Every structure is written in structure tokens, then in C-alpha cells.
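The values are calculated or read from the model by the stated rules, or taken from the named source; none is laboratory data. Owing to the predicted nature of the structure, the values given are computational and were not obtained by experimental measurement. All Cβ positions, glycine included, derive from the backbone under ideal geometry; neighbour counts span all protein chains shown.
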Amino acid sequence: MLLTLRVQGARHWVKSTRCLASSAAPAKSPSSQLEVSGSTYATDGWTNVTPKILSYLGANKHLQTDHPLSIIRQRIVNYFYGAYRNQRGNPLFSVYDQMNPVVTVQQNFDNLLIPADHVSRQKSDCYYINQQHLLRAHTTAHQVELISGGLDNFLVVGEVYRREEIDSTHYPVFHQAAAVGVVTKDELLERNPGPEFFEEMWSGTLPDPKVILPSSKFMDQTKQPCHTLEAVKLMEHEMKHHVLVGLTKDLFGPRIKYRWVDTYFPFTQPSWELEIYFKDNWLEVLGCGIMRHEILQRSGVHQSIGYAFGVGLERLAMVLFDVPDIRLFWSNDSGFLSQFSEKDLHNLPKYKPISHYPQCTNDLSFWLPQDIEVDAGFSPNDFYDLVRSVAGDMVEQISLVDKFKHPKTGRSSVCFRIVYRHMERTLTQAEVNEIHKQIASASVDSFNVQIR
Ligand code: FA5
Ligand code: MG
């Protein structure tokens, strides 16, 4: 099991290269058009996005109030805002969480030195809109445009799309936070004076950036030829132990069990994955490494060194909230969603399993007695207790959905929504209606209310 988790998690970028001929059907002449995120694209032989996948665009679970993925996003952003400040006291990292998920092949692959024959480009692995455009397979796709625009430290948060099998830790649409931290020599060496960044022997030129080198299992994973070992080690230490272990401990507490695993990414060298011990297994939560210097050079940055990482928000949320299955993050079931609240980001609940039997929702509205109002003579908590005593565990949630004061009579009316669901069987609507009636009449007896 341990191995399966790791190998599946690593599948996208690590697998060796393979000839694309079989899956890359020649582009056909445009036969129709596709409208995605407000732009129109001509389809071709590469088009493989499905209406189902397109329906996820704009869902923005990472921005939905009280959604666990939004809570994780805020925790990550708060950590970076709190831990890293510039000399003027402002946050060092800027955050982009609404970038268009439609990207070009150049953004997703070429800019990141992903070899032309790399398996991650295959039609069988990505959702292509046409030969030139796809739904980003990682938020790292925005890296070069942001660095070229002058940014040194940033986070990009958003959903990514991959054609993958679904299991408890993999889903074809999931969320990533990708980050870059670029430092000048002065900045990195301020705390650790001494070492040079670049090898003395290095001429300063790198292979023609237009030529994307074949990926190589033989690439030296200790460091890039241009960097000194000292600079790489300082950067590695800063990235792993300050930034990423710092984040991990901020999220999960000081006793969290983690380990580093060496890996390969085309855009970083050396590269690692961070795994966290969760439910008796090692779960890969992020990939990271020292940025390939060619990428920085192409983006107009010549004298600095950078680190980059990409973390899966669902994986973090699974550990933080104890959610056993990644599919739950797409649930619209209020039994799931109502468990999380961003009111207190540092006192987060553990997930309580929800029943897989269907919910039945019934509203109950009543007039309060004259001169009684909510929290002035009538407490919703009293009503919740009454419901629990009548219906027991058949009730999953109760919420006050409406309050109203009649302009003429001055009487107050309230409406409660009661969600019924049994843990062991499907409730019939008739059975629910019967209980609902009992709640109504108990309310009349206990609170002297008038059912509307
Ligand atoms: C990447 O996507 C790299 N772009 C990360 C990176 C960025 C490395 C910058 C170096 C520098 P990877 O495919 O391993 O790497 O995905 C990163 C994380 O996304 C994983 O560690 C995991 O937490 C999450 N992840 C990957 N695939 C899935 C999936 N199908 N479902 C849910 N989460 C996933
Ligand atoms: Mg991976």
C-alpha cells in the first residue's frame, strides 16, 4: 500500500519518457468551436475535454466560504504572510488565486523545460482544448509569466486537471498551491556569508533555451552544473526546513511525522517530495526543488537562485480534517459542508463520517407569541433540543434560515430547516413527514407558537 501511494502520486512527472506517436493523433482541421472561460477555441484532433470536466471550471472550491479547501488556502496564505515580510514589513509573497486555468502548451510544458517527448504531455494524461491549449495540469504553469513580470516571491492557488484514475487520494480535478522564492546572493548570504552562487568555471551560457533537452534519468541530482554546492545546500535548507517544514508544522502541529524522498522534475534540480504519515501510510503532499537556472534566465533573472514547490490542497485537507476520501471535497451534501467553518482557523474540527443514505429536508415556520422574539424570550437552542428529543439521530442538521417581523401585528416569525437522515437506512418521505408533524405539535405545546 505504501508503495502504491507513492508511485501513483509520483506518476505524472516522474515516469520516463515514451514515444508520443500512438496517442498524439495528427491535428484535424477545425471542425467546431468550444467556448471555455469566455474565450472561443477551435477544436482539433487533440481536443479531449469533456463537458463533465468543463463543468468544474469556475467551481472555485478554494474560494468557497467554509469549504475545507478554502480553509487550507487561507492557512497557507496566512503562514506565508506571517512568516515572510520584506524590510518595510509588508508580506513578501504575493498571492494569485484566480488565474485562468486555460493555459498554452508553452506555459504548461515548454517554459518549464518539460521534454517534447515527456509522458506528461500525452493526450492520455491531460485535458486538451486543442493542440495549443489545455486545462493546466499544475499551477506551476504560471511560473514563468509571473517571474518575467518581475515577481520574486509568489503563490499561485487554483484547480488543476489531469486524466487520472479516481481513488481515495486521486481525483481528475484537484487544487494546488505552487510557489516560487527567488533570492539574490546578498539575501541568501546575509545569514550565511561566504559561498559563491555560480561555479567559477561556468561560462555563463546555458544550452539554447529553444531546444528542450530530452529528460534524463542520468541528470546529476546533486546540483545543476552552474551552481555551487554551497549555494544549493543553503537554498535546500531554507526551502525544506524553514519554508516547508515550517508550513507543515504550522498546519499539523510540531509532532507531525514527515520524510523527504528524492525525485525528478524537469523544472527543478535537485528535486524532492515531502510525505506525511497519515492513516498508516506515507502520503505524498508536495513536490519541490531548486529551480533550473535556464528558467530563471529566460525570465530575465540572471544573478539569483530560486526554489519552487507545488502542494496538493486536498492532500493537506485530508490530513488536517481527517477526511478519508478525496471525493468528499466535491460533495454538495450539507452534512459534509456544514462541518467546516473558517471562523476559527486554528481550532479546526475533525471530519465526522456522514451517512451515505439520502437526506430529506423539511422546513418548519411558526409565529412566536406576541412580544417574543428570537433571543428575546425564544432561544433557537431550545428548539434544537426539542427537535433532538423528538427525532433523535434521524436529524442531521437544523438551522434557522429565516426571521421575519410582521409590520402590522409586530409578531415575529421564524423558519427552521431540518435535514433528516438515518445512519443505517433510507428514510421515506412519509416517515419524515410524520416525525416533522410531531416536532411541530411539540413546538406548539412547549413554546406556545403558531405553525404557519
Ligand atoms: C507537480 O505538479 C509539480 N508541478 C510540483 C512542483 C512544483 C515540483 C515546483 C517542483 C517545483 P506532482 O504531480 O507531484 O508535481 O503534484 C504535486 C502534488 O499535487 C502532489 O504531491 C499531490 O499532493 C498533489 N496531487 C498530484 N496528483 C493528484 C491527484 N490526482 N489528486 C489529488 N492530488 C494530487
Ligand atoms: Mg508527485
Yes or no: VAL387 within 13 Å of PHE447 (Cα to Cα), crowded, with 16+ Cβ neighbours inside 10 Å and hydrophobic (A, V, I, L, M, F, W, C)? yes
In segment 300-318, is there at least one residue being away from ligand 2 (no atom under 16 Å from the Cβ), more than 25 Å from ASP110 (Cα to Cα), within 16 Å of the chain's Cα centre (by Cα) and outside any loop (DSSP other than H, G, I, E, B)? yes
Of the conditions (1) outside any loop (DSSP other than H, G, I, E, B); (2) touching a residue at least 24 places away in the same chain (Cβ under 8 Å), ASP385 fails just one. Which one is it? (2)
Quickly run through segment 283-305 and pick out the residues that are in contact with an Asp or Glu (Cβ under 7 Å, 6 or more places away or on another chain) and at pLDDT below 95. LEU283
Step by step: first the residues of segment 225-243, then only those that are under 23 Å from the mean Cα position of the chain (by Cα) and more than 11 Å from ligand 1 (Cβ to nearest atom), then the one that is surrounded by the most Cβ atoms within 10 Å (Cβ to Cβ). Which residue is that? VAL243
Could you tell me which of the residues ARG411, ARG388 is basic (Lys, Arg), away from ligand 2 (no atom under 16 Å from the Cβ), modelled with pLDDT under 90 and not assigned by the TED database to the domain that holds ILE166? ARG388
Check segment 111-118 and report whether any residue there is surrounded by 15 or more Cβ atoms within 10 Å (Cβ to Cβ) and without any contact (Cβ under 8 Å) to a residue 24 or more places away in the chain. no
Determine if segment 440-447 includes at least one residue that is under 30 Å from GLN370 (Cβ atoms) and touching an Asp or Glu at 6+ places or on another chain (Cβ under 9 Å). yes
Only residues that are at pLDDT below 90 and within 20 Å of SER334 (Cα to Cα): list them for segment 360-380, please. PRO380
Out of (1) crowded, with 22+ Cβ neighbours inside 10 Å; (2) more than 17 Å from CYS288 (Cβ to Cβ); (3) not aromatic (Phe, Trp, Tyr), what's the single condition that is false for ASN100? (1)
Somewhere in segment 426-435, is a residue in a helix (DSSP H, G or I) and touching a Lys or Arg at 6+ places or on another chain (Cβ under 8 Å)? no
One residue is enough: does segment 366-376 have a residue meeting the conditions assigned to a helix (DSSP H, G or I) and surrounded by 13 or more Cβ atoms within 10 Å (Cβ to Cβ)? no
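Can you confirm whether ASP322 is under 20 Å from TYR171 (Cα atoms) and out of contact with any Asp or Glu (no Cβ under 9 Å at 6 or more places or on another chain)?
Against the criterion (under 20 Å from TYR171 (Cα atoms) and out of contact with any Asp or Glu (no Cβ under 9 Å at 6 or more places or on another chain)), ASP322 qualifies.
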Is it the case that ASN332 is free of Cβ contacts under 8 Å to residues at least 12 places away in the same chain and closer than 25 Å to ASP280 by Cα? no
Got at least one residue in segment 325-335 being over 30 Å from PHE265 (Cβ atoms) and within 16 Å of ligand 1 (Cβ to nearest atom)? yes
Is at least one residue of segment 250-263 among the polar types (S, T, N, Q) and more than 13 Å from ligand 1 (Cβ to nearest atom)? no
Answer yes or no as to whether SER55 is more than 30 Å from GLY150 (Cα to Cα) and in the same structural domain as PHE252 (by the TED database). yes
Could you please give the count of residues in segment 75-92 that are farther than 12 Å from ASN153 by Cα and either surrounded by 15 or more Cβ atoms within 10 Å (Cβ to Cβ) or in contact with a Phe, Trp or Tyr (Cβ under 7 Å, 6 or more places away or on another chain) (or both)? 5
Of all the residues that make up segment 254-287, how many are more than 22 Å from GLN224 (Cα to Cα), within 15 Å of ligand 2 (Cβ to nearest atom) and of a type in the set (Val, Ile, Thr)? 2
The condition of being in the same structural domain as GLY204 (by the TED database), away from ligand 2 (no atom under 16 Å from the Cβ) and buried (at least 22 other Cβ atoms within 10 Å of the Cβ) holds, among LEU251, LEU247, only for LEU247
Do we have VAL414 as assigned to a helix (DSSP H, G or I), more than 37 Å from the chain's Cα centre (by Cα) and under 16 Å from SER365 (Cβ atoms) here? no
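May I ask you to verify whether LEU234 is at pLDDT below 95 and either out of contact with any strand residue (DSSP E or B) (no Cβ under 6 Å at 6 or more places or on another chain) or among the aromatic types (Phe, Trp, Tyr) (or both)?
So LEU234 fits the description; yes.
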Matching residues in segment 167-178 (within 8 Å of ligand 1 (Cβ to nearest atom) and more than 20 Å from SER55 (Cα to Cα)) number 2
